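Here is the structure we will look at.
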Amino acid sequence: MAWTRDQMAARAARELKDGFYVNLGIGIPTLVSNFIPEGMKVILQSENGMLGMGPFPYEGDEDADLINAGKQTITELPTTSYFSSADSFAMIRGGHIDLSILGAMQVAENGDLANWMIPGKMVKGMGGAMDLVAGVKKVVVVMDHIAKAKDGSIEKKLLHRCNLPLTGSHVVDMVITDLGVFAIDKHGKGGMRLIELAEGVGLDEIAARTEAAYTVAPDLAG
Amino acid sequence: MNKVHSDARSALAGILKDGMTIMSGGFGLCGIPESLILAIRDSGVTNLTVISNNAGVDGVGLGVLLETKQIRKMISSYVGENKLFAQQFLSGELQLEFNPQGTLAERIRAGGAGIPAFFTKTGVGTIIAEGKEVREFNGENYVMETGLVADVSLVHAWKADTEGNLVYRKTARNFNPMMATAGKVTVAEVEHIFNAGEIDPDHIHTPGIFVKRIVHAPTGPKHIEQRTTRKRTSAAAATGGEV
């Protein structure tokens, strides 16, 4: 059985550490905030200019001046601070954010990431994604292992080399899919390594759905 | 010199011309200079280059200047909320330059601070770096990006005093402070105007030297793009507390 979206988010939440400053992308990464362990202090950054992002407001308490990077209404906390976009990206580019969790279209075995543009389709823009992957200390991708098209065909997303335009080169440290978890030695020569399997998923299934070259952690190779 | 103007139209009088470059603050529809954008529309000035993180939505914010085809080129990081934008871009009527959001913010900050260019690791190895100088510092590659300035910057602030000192509110700050520094003429629309001395000098975000003109623009209901809420009964459970 492959992991659900919530299970993938819960697995990503295991990368959090007490005191971390974290930026969460849109989609499954947003769900990670539901799995922050009790008693652990994690401060969420929103790149439009806020540290200490609170939960959604109660109905009727929405404030148009208080939104996250997905333009959703949110709330502040006793830990909150506000700042300009320049200060926000000084935090991001300057390496002050500990962890970024984001989605992807493709990831390559060398840590290359593509998640902003499909040539020939209307391009919405990269927003802050290129800055986040270039500057944040640790980058974790959460995505489905393969893409299923409407006609039923599948496309692999873990590749030797991305064929979509890159968001960043040698930037991804970890990929969590619905089938398992890979670690990537993005600056060294260690390549990509399968370190966990979702319950009930076998090595054969991973192999059939992965183009990238990877090694298998000894405890999985059994 | 009196910086305070009675309405948005008079605040823009004499500084608009066809083909000019305008910076417009805001993130999504949060902290946008909405009344000044409407005055730009009414002025009929055209062939504009607009530097703004987003392009509004259909019918709101910069979306109104797309409807009137007054914009020739946008420099932005994300324009996904605007159908008219897509149509005009695909038909070739509208040019578009994408900048990574942090690079855009820093280009504006640099422009306002008199810094013509800087190096950043954002975009190295991507199409953003194509045609730009890449240089190695301490064993890592960085791409050169240039500073941005504008003929006119339009910003939205919460409070101003008659000196042009500005205070922003919550996440409506975003790009406004940098854009205020990078316009040859910066015009601020503000929700509340105070006499000089009534805002604590320690609380000022943008010093008045950057702001040439101010207009009081008490906003109607502000726009919310994604109204997300939680039920009062499920308070903390839904989010795990420190979120």
Stokes-Einstein D for the protein assembly as shown at 4 °C, 1.567 mPa s, Kirkwood Rh over Cα pairs, in µm²/s?
-> 56
Report the convex hull volume per residue for the range B:48-184, counting only C-alpha atoms, in Å³.
-> 137
Sticking with the crude label model, points 7 Å out along Cα→Cβ, report the distance from residue A:14 to residue A:195 in nm, one decimal please.
-> 1.0
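Just to confirm a number: summing +1 for Lys and Arg and -1 for Asp and Glu over residues other than residue A:213 whose beta-carbon lies under 13 angstrom from that of residue A:213, what do you get?
Details: positive: A:156, A:161, A:189, A:193; negative: A:109, A:185, A:211.
Result for the local shell: +1.
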Debye-sum result for the range A:117-222 in log10 I(q)/I(0), which assumes one identical scatterer on each alpha carbon, at q = 0.14, 0.18, 0.23, 0.24 Å⁻¹ = -0.62, -1.00, -1.42, -1.49
Computed over chain A, Cα set: Rg, Dmax in Å = 17.7, 56
Overall dimensions of the range A:5-113 as given by Cα atoms, namely Rg and Dmax in Å = 14.3, 47
With the Cα gyration tensor of the range B:165-240 in hand, convert its eigenvalues to equivalent ellipsoid semi-axes via √(5λ) and list them largest first in whole Å.
-> 32, 15, 13
Evaluate the range A:105-163: find the radius of gyration of its Cα atoms, find its Kirkwood radius, and give the ratio Rg to Rh.
-> 0.98
Calculate the spin-label point distance for residue A:217 paired with residue B:86, positioning each point 7 Å from the Cα along the beta-carbon direction, and give it in nanometres.
-> 4.1
What trypsin sites (Lys or Arg not before Pro) in the range A:115-222 are in a loop by DSSP, with at most 15 other Cβ atoms within 10 Å of the Cβ?
-> A:121, A:137, A:150, A:161, A:189
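Net charge near residue B:38, counting Lys/Arg +1 and Asp/Glu -1 over other residues with Cβ under 14 Å of its Cβ? Walk me through the numbers before you get to the answer.
Numbers: positive: B:9, B:41; negative: B:7, B:34, B:42, B:67, B:189.
Summing Lys and Arg as +1 and Asp and Glu as -1 gives -3.
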Just from the alpha-carbon atoms, what are the Rg and Dmax of the range A:73-130 in angstroms?
-> 15.1, 46
For every helix of n ≥ 4 consecutive DSSP H residues, a contribution of -39,500 (n - 2.57) applies; sum these over chain B, divide by its total residues, and give [θ] at 222 nm rounded to the nearest 500 deg cm²/dmol.
-> -5000 deg cm²/dmol
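Once the Cβ-Cβ distance between residue A:147 and residue B:232 is put in as r, and R0 is 25 Å, what FRET efficiency do you end up with, to the nearest 0.05?
Working: r = 39 Å, r/R0 = 1.57.
Efficiency for this residue pair is about 0.05.
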Applying 1/(1 + (r/R0)^6) with R0 = 30 Å to the Cβ-Cβ distance of residue B:198 and residue B:17, what FRET efficiency is obtained, to the nearest 0.05?
-> 0.25
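Taking 1 over the mean of 1/r across every pair of different Cα atoms in the range B:6-51, what Kirkwood radius in Å do you get?
Values: mean 1/r = 0.0895 Å⁻¹.
By the Kirkwood definition, the hydrodynamic radius is 11.2 Å.
Only the coordinates and a few stated rules stand behind these numbers; no lab work does. Keep in mind the model is a prediction, meaning the values are calculated, not measured. FYI the Cβ positions are ideal-geometry reconstructions off the backbone, even for glycines, and counts take in every protein chain you see.
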